[in-house]
Amino acid sequence: MAIKLAGRVARISYEIRDIVTFARKVEATDKKIHWFNIGDPNQFGFKPPKQVTDAIIAALREPKYSAYCPSQGDPELRAAIAKIEGVPTESVSIHSGLSEGIDFLFQALVDPGDNILLPSPSYPLYNTKLAVCAGVNNYYATDDAFLPDLEVMRKQINARTKAIVVINPNNPTGVTYSRPLLKKIADLAAEHKLPLIADEIYDKTTLDEEHSTNMRDVVSPDQQLISGNGISKNFIYPGSRVGYLALHGEGMDGLHDAIAKLCNQRLSVNWEMQRGALAAFTLPMTHLSEFKKQLRIRRDIVYKELNEIPGMSCAKPTAAFYAFPKIETKKFKDDRAFVYSMLEDTGVLVVPGMGFSPVLKGKYFRLVYLAPPEELHEAIGKIANFVKEKC
């Protein structure tokens, strides 16, 4: 007799990794797979900065750091992040990746029937966590350049809206938001007395400027803001699983206590990795120049060659390592069908746009462009041939 599962399990979906099962079946037919689904620089030869790994190695040799860490994080790391964020140390909590921080945040904020305003498209973790909490989808539309429409955002706010999420730079589109746009979003949140959740995990990976504007630099001092960041992307260390939340503004005591409880019940984050994060946030970021140079080379290839494919258009990514092209085709009922068919035919593994938003108008897919230039040329050539023959 099968075990009866909780209903919440059926609400869990994560297309970025769910598609891998099918990719393995295709790979078993001896077809070469181009793994363009997961934003993991380390799988393509990029490495964390030496000062970060050196700090971890030193911590591994120190017995103190093999113990349980304080539940809300290493005190020195919290203090270093608090200095960056401009908040008291007690307003910072360390998490097993920013993903866990988002999980705890949604658990603390969302009751069944509540909603959190999410960008469309959005990183799928947000939608999944909302669904697991029995929350209701509430997306705000973006334009052809994937910039938020303020009037649409305003109309989407209702009595059950608990917060507004801003992902800047954006995953899956690679787009950055200007300071004036962020200020308008902050003013809208203040008008409706809603906290802002700023996912800024890619804030130093901008390709055409030094870094993106942080939401903490545009909100008023008393405005409620939860900033999220970590070392997975800016410091090329996704496997470390170290992220943080920083609470800004007034009236945050209840949320602070709720997050502290959730931190306590999972005990702690790996302490050695937190010592690496301390080095990341306190030592010079000398690795960024070369990392961004390599990303820029890859971005330019992808942007140019995708836009040369008839029936395909792609907004120019300005940060991170994602492109989010649109495909015009009537041969496939949705972008998921397009992506799975292309994977089976060509071995190019991308993620369907519907995995990032159920309300997207049009067919899209996300392509991770971390692979070497020669592989990107090869794979985009395969995409072009597939579109020509099948679309």
I'd like the projected area of segment 328-372, averaged over all directions, using the convex hull of its alpha carbons. Report it in nm² with one decimal. 3.6 nm²
Quick one: compute the contact order of segment 50-282, relative version, from alpha carbon pairs under 8 angstrom and 6+ residues apart, as a percent. 30 percent
If I fit a long axis through the Cα atoms of helix 373-390 and take the longest principal axis of the Cα atoms of the chain, what angle between them do I get, 0 to 90°, rounded to 10? 50 degrees
Per the helix-only model, the chain has a calculated mean residue ellipticity at 222 nm (DSSP H runs of ≥4, -39500 (n - 2.57) each, divided over all residues, rounded to the nearest 500) of -12000 deg cm²/dmol
So, in Å, what gap is there between the alpha-carbon centers of segment 265-283 and segment 374-388? 40 Å
Rel. contact order, % - alpha carbon contacts under 8 angstrom, at least six apart, the chain: 23 percent
Using only Cα atoms, tell me the angle between helix 271-282 and the longest principal axis of the chain; keep it within 0 to 90° and round to the nearest 10. 90 degrees
Give me the angle, in degrees from 0 to 90, between the Cα long axis of helix 97-109 and the longest principal axis of the Cα atoms of the chain, rounded to the nearest 10. 70 degrees
If I take the Cα coordinates of segment 50-282 and project them onto the principal axes, what are the three extents in Å, biggest first? 55, 40, 31
Measuring from a point 7 Å past the Cα of Ala134 along Cα-to-C-beta, which residues in segment 3-28 have an amide N at less than 18 Å? 5-12
So what is the relative contact order of segment 158-222, in percent, for Cα pairs below 8 Å that sit 6 or more residues apart? 40 percent
Selected from Pro325, His248, Leu288, residue furthest toward positive end of dipole (the chain; charges at beta carbon): Pro325
Say a site is exposed when it is one of the trypsin sites (Lys or Arg not before Pro), sits in a DSSP loop, and has at most 16 other Cβ atoms within 10 Å; what is then the longest site-free stretch of the chain? 62-159
Relative to a virtual label point 7 Å from the Cα of Thr89 in the Cα→beta-carbon direction, which members of segment 267-283 show backbone nitrogen distances below 20 Å? 268-283
Computed magnitude of the charge dipole of segment 21-149 (debye, nearest 20; Cβ of K, R +1, Cβ of D, E -1): 640 debye
Please tell me which of these pairs span more than 27 angstrom C-alpha to C-alpha: Lys204/Lys382; Lys304/Lys382; Lys50/Lys292; Lys304/Lys388; Lys32/Lys204? Lys204/Lys382; Lys32/Lys204
Please state the charge dipole magnitude for segment 50-282, taken about the Cα centre, from unit charges on C-beta atoms (+1 on K and R, -1 on D and E), reported in debye and rounded to the nearest 20. 420 debye
Three-way shape call for segment 175-252 based on the alpha-carbon gyration tensor, with the a/c threshold at 1.5: oblate
Assuming 0.36 nm per residue, please report the length gained on full extension of the stretch Lys293 to Glu27 beyond their Cα-Cα distance. 92.6 nm
For segment 182-333: span of alpha carbons on each principal axis (Å, largest first): 54, 41, 33
Assuming 0.36 nm per residue, please report the length gained on full extension of the stretch Asp149 to Glu191 beyond their Cα-Cα distance. 13.5 nm
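Quick note: the coordinates plus some simple rules give every number you see, no bench work behind them. Owing to the predicted nature of the structure, the values given are computational and were not obtained by experimental measurement. Ideal geometry is used to build each Cβ from the backbone, glycine not excepted, and the neighbour counts take in all protein chains shown.
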